[in-house]
Amino acid sequence: MRSPTRALPLSDLQALFGVLVTVHGHLMADELPPDLVRRLLSRLIGHGPLPDGASAGEMNVKPRV
């Protein structure tokens with residue numbers, strides 16, 4: 001049996017989006033610690049949109065809309 005989905009409150013979504021924008025800005029400026037970049041990359045490969053073997057540079061592309 002599938003568990004029901006729950007939407008986050010708009011304020012939570014706005015806060016999370018703000019965090020993502022901030023992290024992306026630091027990533028684009030090459031200001032993130034290498035360990036954090038590796039962990040983000042691992043997470044995006046294992047549970048997200050990046051394919052196996054992706055590099056940190058592939059996190060710098062603009063999202064597809």
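Just a few scattered comments:
- Enumeration of residues in the stretch 3-18 that are within 12 Å of the chain's Cα centre (by Cα) and surrounded by fewer than 10 Cβ atoms within 10 Å (Cβ to Cβ): none
- Residues in the stretch 19-41 that are hydrophobic (A, V, I, L, M, F, W, C), at pLDDT below 95 and open to solvent by 70 Å² or more (accessible area, probe 1.4 Å): 3 in all.
The values are calculated or read from the model by the stated rules, or taken from the named source; none is laboratory data. Keep in mind the model is a prediction, meaning the values are calculated, not measured. Ideal geometry is used to build each Cβ from the backbone, glycine not excepted, and the neighbour counts take in all protein chains shown. Surface accessibility is based on the protein's heavy atoms, side chains included, excluding ligands, DNA and RNA. Shrake-Rupley method; radii C 1.70, N 1.55, O 1.52, S 1.80 Å.
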